[in-house]
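The structure appears below as structure tokens.
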Amino acid sequence: MEFAELIKTPRVDGVVLHRPFMPTVEGTLCLTGHHLILSSRQDNTEELWLLHSNIDSIEKRFVGSLGSIIVKCKDLRVIQLDIPGMEECLNIASSIEALSTLDSVSLMYPFFYRPMFEVIEDGWNSFLPEDAFKDLESMTDEWRLSEVNKDFSVCPSYPALVAVPKDVNDDTLRKVATFRHSGRFPILSYYHKKNGMVMMRAGQPLTGTNGRRCKEDEKLINATLRPGKRGYIIDTRTINVAQQAKARGGGFESEANYPQWRRIHKAIERANILQESLIKLVEACNDQSHSMDRWLSKLEASNWQTHVKEILTTACLAAQCIDREGASVLVHGTDGTDSTLQVTSLAQIILDPACRTIRGFQSLVEREWLQAGHPFQQRCAQSAYSNSKPRQEAPVFLLFLDCVWQILRQFPCSFEFSESLLVLLFEHAYASQFGTFLGNSAAERTKLSLPEKTVSLWSWVNRPQELERLTNPLYEANSLVIWPSVAPQSLLLWEGVFLRWNRSSKCLDEAYEEMVHIIEYNKELQNKVNSLRRQLAQLETEDPLLKTS
Amino acid sequence: GTLYLTATHLIFVESSSNNSTSILHHHIASVEKLSLTTTGCPLVIQCRNFRVVHFVIQRERDCHDVYSSLLRLRQPVSYEELYAFSYNPKQNDQQREEGWQLIDLGAEFERMGVPCDQWQLTDVNRDYKVCETYPRDLYVPITASKPIIVGSSKFRSKGRFPVLTYFYQEKKAAVCRCSQPLSGFSARCLEDESMLQAISKANHNSRFVYVMDTRPKLNALANRAAGKGYENEDNYSNIRFQFVGIENIHVMRTSLQKLLEVTGTRSLSMSDYLVGLESSGWLRHIKAIVDAAIFLTKAVTGEGASVLVHCSDGWDRTAQVCSLGSLLMDPYYRTIKGFMVLIEKDWISFGHKFADRCDQLDGDPKEVSPIFTQFLECVWQLTEQFPQSFEFSEWFLLQIHEHVHSCQYGNFLGNNQRQREELQLRDRTHSLWAFLMSEKQNYLNPFYSPAFSELHPVLEPSTLPYHFKFWRNMYHQFDRSMHPRQSILKTILTLRENSRNGESMLQALENVSALTELQQLGVTPVATSEPPAPPPTRDQRSNDGQEEVGEEAIEGTDTERTVEGSSATESRKQRYGELEGTYNSELAKEEPAVVSLEFGVARMTC
């Protein structure tokens, strides 16, 4: 297929662009296969380059022969294009619609994008499972790296290499896989160096209504327990939901078959409810009516903050079991690809200082989201403005980022990265020139040959100039466990994402600059003081006169 | 632990750690004895600074004794019992006097450019004869003669006739304040009409005066039945009348109660929190006040029109709107000193009834209302939108709030200036402003930029609902577990302090190294006559160098430098130490926004 077929009118002059809190721009609108471009053709004015894949939905309006297209983006921005000429406007609108809803992955922009920067480190090789395992090996010898899934046949959503207890062989794993949802047998998610406790994740056990059991499954997870110790199973669903799952062949671990485990149910909502919540929240944020009551009631009705609180609470629980109770933990929901990952990844942010560094966080996203088989392509196909009925879309990853932001707000000096990295990940998960978030699993990514055909987001991020932009100037390494407050008064609306386009951030940005300035000035001073001290010390040792006196 | 009751404080000392918590009796808003449990008798104390403490006292009789003592102690019957009259910060009379002279309202009106060719100082209220809740010195239009003033005052509730509170020099536009007219359904007063006419004429920029009635229209209408009401546009030439709809003190009191009930709930769900926040109406009221202030500011700075603001008595909503409006218009009020002046002018001198509103003496509970707290919150909301526009940080607002209720200083005692003079507060108590000024360093906002204020003298905040947030650091100031465990403000302040130390250290080192180099060259006579023998260890040496150079610097170029220089560092350190002492023991208050890292005590609700 040629993109040209979809572009009915490639160019229109005299188009006016309206963006909130920015001056209007008049210029020429161009459509290419992947971008919507507006250029005023003046030197120092900003141009608009918008990826078609970033467009969530469009609306058309006509006043006489002047048409307007309101473009609503997946990053929640809303812009308006005034296009002279009815026909041009209709053509542009239908082209955008067609180009922004291409079904075939291989037509996506990452396959066409050629980097304009020098790739210093290929991000596709930055976070390999075997490297992560080397770190693990340096701490413990109780785990091994299994190749049982090397052709993705045992579990299609798992990576080729997974860490499992040393004493459990591949045959056992194959058997356990048949007992767990989508073949997601329990694997290692996190090893807590401080006390040797572990966090595992899996899909729900397929006990069904008649209480099927699987000895191998029991053996596998029991292998992670210390003698005489009990572990915790955190089921992210309520007991009712888990009960109902039995009718569809799913279920949960019964006390009788798993006597060494205590099961705790939490209430993290399922994908479709989260999507609805996002739509309501964004609608509330875009409501420009000035009534306080209306805003608060809409915010409440969206339930978004409730989800944030619930997810954080569950993550704290998992972290508490490991760090405080000194117990191992197994986390699962239904599939083990959504709420499970929110919990396991956030628990690691709380427990592991390494995850709070820029590189460590990338590694966490790679391990606990990309390789863990979170179906990014399905979940991020549409965002809050979508008109179509949601299929698999859900802001699961966005909620995770929101929770990280909440912890970051409460521990502003304990993270090496700033809010910018979180916003960047949100944007790229929904629309990107990089291949990182394409596909739904490691298997799909291999099949699409993404590492060969596209550029990794990490290649872009891990360059000095980008890293500088994403670094938190307040960072001071903090090796402790950080317990966030989950009181409703402590959790805030993530303005950097949800109000980003609805407020002028000029004053806040300037204050931030000032902060950076203060910090840098201080560093500079300390350096000067230190170097002078050294000089002085040297002078004195060189000077015999001073030494004797 | 052990509970102690003193004449002024309630002190609790933990037996295990010797940590003590002390609460000023004046801060206690309510004491409640709950029903007996197996461990003892629970006592819940709620404070006006939003601290809530629970004690369990083993014997019920003891509990009852404590309870009844506290009931008596928390509400003195006469002013003389208030802490301010016994508080002695070890100052002599002269220092005390200087403290009271810190804020001079005459000078403030001069700063605004008043008196001028259109506005003059009137002595009509010199003896509090015309209006006993106004200050002695009042500013009125040149053309407002004494008969007009007196006539107008008779037509206004409590005699509070229109007077100047802020003068916007750039456009010669005035912000005036008064109380509601006694218009009833049809009454008129020619003097009052002339008074408004005079205000209008004093401003050549605009043909009319805005009259802002800050009440909801319904309330104003209801007042007509009582012979009060609002201005009839037909009777006053050249006025534009406008209601802005801020609710009365009773609504505000109930609103705060509801808010505190919600936020005080244990293991509160997000949904209940947001629903409660909404139904309390608190943020709606805050927004209404800011909206009114913006209306005022736009009329004055944008249209160059003068505005007359009133509500019922003109000491609650009027004070909120006038002071907040002035703060938006004039960068001076956004400095530490200026903010003190603003409070002194629009709140203290114009007779906001602090004694009644803050329940200083055992009074009518229906008179209590968090009007001033709302004003502080409005300012805080603005600091959130304009982090660089304010010289002071949140701590300053919290500290003022603390002392409005502490009755430790004389400033806020009583209901009006006349009463304060009768109480001889200037001779018998100390001024809060002097105390706050002495520790100004602690209240500075590190992000403050005077250049920003020059560029944006008039603030134009957005009042879209999502810009108004729940002020956790106020209403939960003592709930450590709820706040960020690391504070950006504190970190940056520490860095600033480090930088200052670094600067002086750098200078010291530079001087020492210059000296050393000179010695090496053997040219300096100082070295031979009095060699500054470097002490053996490195640390000591740098300290020594610092001291030496600190003294040299005084003799050196600019004196300002030395204030920030090394020699001053020590004393500031000490002051910091003292301050922490006061925070912890005397005022029973931790630095509000700052909660040190306490990983050991994680409080989790899961």
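Values quoted throughout were computed directly from the atomic coordinates according to the rules given, and no laboratory measurement underlies them. Model, not experiment: these values are computed from the prediction. Neighbour counts run over all protein chains shown; Cβ positions are idealised from the backbone, glycine included.
Helix-only mean residue ellipticity at 222 nm, chain B, DSSP H runs n ≥ 4 weighted -39,500 (n - 2.57), per residue, nearest 500. What is it? Kindly include the intermediate steps, with their values, before the conclusion.
Details: 24 runs with 261 residues, N = 606.
So the calculated ellipticity at 222 nm is -13000 deg cm²/dmol.
Enter the mean projected area of the convex hull around the alpha-carbon atoms of the range A:4-102, in nm², rounded to one decimal.
5.9
Nearest 0.05, what FRET efficiency do A:E5 and A:Q535 give at R0 = 60 Å with Cβ-Cβ as r?
My answer for the efficiency is 0.25.
Beyond 20 Å, what share of the Cα-Cα pairs of the range A:264-377 is found? Please give it as a whole percent.
Working: 3335 of 6441 pairs.
Summing the P(r) tail past 20 Å for the range A:264-377 gives 52 percent.
Calculate I(q)/I(0) for the range B:94-165 by the Debye formula, one identical point scatterer on each C-alpha and no solvent, and give its log10 at q = 0.11, 0.15, 0.20, 0.23 Å⁻¹ to two decimals.
Values, matching the q order: -0.32, -0.55, -0.86, -1.02.
If you average the alpha carbon positions of the range B:289-340 and of the range A:240-304, how far apart do those two centres end up, in angstrom?
After rounding, the separation between the Cα centres reads 45 Å.
Considering only C-alpha atoms, what is the centroid distance from the range B:416-443 to the range B:465-504, in Å?
A separation of 27 Å, based on Cα centres.
Could you name the aspartates and glutamates whose alpha carbon sits less than 14 Å from that of B:K298, not counting residues in the same chain fewer than 8 places away?
By straight Cα distance, B:K298 reaches B:E170, B:D330, B:E460.
Report Rg (one decimal) and Dmax (nearest whole number) for the range A:64-201, counting Cα atoms only, units Å.
24.6, 75
Between A:R61 and B:E439, how high is the FRET efficiency from 1/(1 + (r/R0)^6) when r is the Cβ-Cβ distance and R₀ = 51 Å? Nearest 0.05.
Calculated value: 0.30.
Using the Kirkwood radius built from alpha carbon pairs, what does the Stokes-Einstein equation give as D for chain A at 25 °C and 0.890 mPa s, in µm² per second?
Estimated diffusion coefficient is 96 µm²/s.
What are the trypsin sites (Lys or Arg not before Pro) within the range B:45-115 that DSSP puts in a loop, where the Cβ has at most 13 other Cβ atoms within 10 Å?
Hits after loop and neighbour filter: B:R59, B:K90.
Could you list the trypsin sites (Lys or Arg not before Pro) in the range A:268-333 that lie in coil according to DSSP, counting only those with at most 14 other Cβ atoms within 10 Å of their Cβ? Don't jump to the answer; show the numbers that get you there.
Working: sites: A:R270, A:K280, A:R294, A:K298, A:K309, A:R324; in loops: A:R270, A:R324.
Listed in order of number, the matching sites are A:R324.
Can you tell me the dipole magnitude for chain B around its Cα centre, using point charges on the Cβ only (Lys, Arg +1; Asp, Glu -1), in Debye to the nearest 20? Working shown, then result.
Numbers: 62 positive and 76 negative charges, 514 e Å.
Approximately 2460 debye in magnitude.
Would you kindly state how much longer the chain becomes between A:S388 and A:N240 on full extension, computed as 0.36 nm times their sequence separation minus their alpha carbon distance, in nm to one decimal?
Additional length available on full extension: 50.3 nm.
Among B:E193, B:E261, which comes first, second and so on when ranked by fewest other beta-carbon atoms within 10 Å? If you can, show how the numbers build up before the last one.
Values: B:E193 21, B:E261 11.
If I rank by nearby Cβ atoms, fewest first, I get B:E261, B:E193.
Can you give the charge dipole size of the range A:235-337 about its Cα centre, rounded to the nearest 20 debye, using +1 on the beta carbon of Lys and Arg and -1 on the beta carbon of Asp and Glu?
Taking the Cα centre of the range A:235-337 as origin, the dipole is about 200 debye.
Counting only pairs 8 or more residues apart or on different chains, how many lysine pairs in the range A:100-201 have their Cα atoms under 17 Å apart?
Details: A:K134/A:K166; A:K134/A:K193; A:K150/A:K175; A:K166/A:K175.
Lysine pair count for the range A:100-201: 4.
Other chains' Cβ within 10 Å of A:278-290 residues: what's the mean?
1
Sequence-distant or interchain residues sharing an amide H contact under 5 Å with A:V486, placed H: which?
B:T605
Calculate the spin-label point distance for B:E454 paired with B:D62, positioning each point 7 Å from the Cα along the beta-carbon direction, and give it in nanometres.
6.4
Does the protein assembly as shown come out rounded, prolate or oblate, given a ≥ b ≥ c as the square roots of the eigenvalues of its C-alpha gyration tensor, rounded meaning a/c under 1.5 and, failing that, prolate meaning a/b above b/c?
Taking the square roots of the gyration eigenvalues as a ≥ b ≥ c, the protein assembly as shown is prolate.
Counting only Cα, what are the radius of gyration and maximum Cα-Cα distance Dmax of the range A:509-548, in Å?
For the range A:509-548, the Cα radius of gyration and maximum Cα-Cα distance read 17.1, 56 Å.
Using Stokes-Einstein with the Kirkwood hydrodynamic radius over Cα pairs, what translational diffusion coefficient do you get for the range A:283-330 at 10 °C and a viscosity of 1.306 mPa s, in µm²/s rounded to a whole number?
122
Taking a virtual spin label 7 Å from the Cα of B:Y87 along the C-beta vector, which residues in the range B:50-74 bring their backbone nitrogen under 19 Å of it?
Answer for the range B:50-74: B:50-51, B:73-74.
Would you compute, from DSSP H runs of 4+ residues alone, the mean residue ellipticity of chain A at 222 nm, taking -39500 (n - 2.57) per run and dividing by the full residue count, rounded to the nearest 500?
-12000 deg cm²/dmol
Please list, ordered by chain and number, the residues whose modelled amide H lies under 5 Å from the amide H of A:K74; skip anything fewer than 5 residues away on the same chain.
Under 5 Å from the amide H of A:K74 lie the amide H atoms of A:I55, A:D56, each far enough along the sequence or on another chain.
At 0.36 nm per residue, and after removing the present C-alpha to C-alpha distance, how many nm does the segment from A:R294 to A:L480 gain when stretched out fully?
62.8 nm
Rounded, prolate or oblate: pick one for chain B, where a ≥ b ≥ c are the square roots of the eigenvalues of its C-alpha gyration tensor, a/c under 1.5 means rounded, and failing that, prolate if a/b is larger than b/c, else oblate. Spell out each step's value before the answer.
Details: a/c = 1.98, a/b = 1.30, b/c = 1.52.
Since a/c reaches 1.5 but b/c is at least a/b, the shape of chain B is classed as oblate.
For chain A, give me the percentage of DSSP beta bridges that are antiparallel, rounded to the nearest 5 percent.
80
Using the C-alpha atoms of the range B:372-448, what convex hull volume per residue, in cubic angstrom, is computed?
Values: hull volume 6.8 nm³, N = 77.
That works out to 88 Å³ per residue.
Suppose R0 equals 41 Å. What FRET efficiency, 1/(1 + (r/R0)^6) with r the Cβ-Cβ distance, do B:A222 and B:L34 give to the nearest 0.05?
0.55
Post the alpha-carbon centroid distance, the range B:158-173 to the range A:460-537, in whole angstrom.
45
Classify the range B:2-88 as rounded, prolate or oblate, taking a ≥ b ≥ c as the square roots of the eigenvalues of its Cα gyration tensor: rounded when a/c is under 1.5, otherwise prolate if a/b is larger than b/c and oblate if not.
Prolate shape, in that a/c is at least 1.5 and a/b is the bigger ratio.
Can you list the GluC sites (Glu not before Pro) in the range B:1-82 that are in a DSSP coil and have 11 or fewer other beta carbons within 10 angstrom?
Values: sites: B:E14, B:E32, B:E60, B:E80, B:E81; in loops: B:E14.
Here the GluC sites (Glu not before Pro) that fit, given the DSSP loop and packing criteria, are B:E14.
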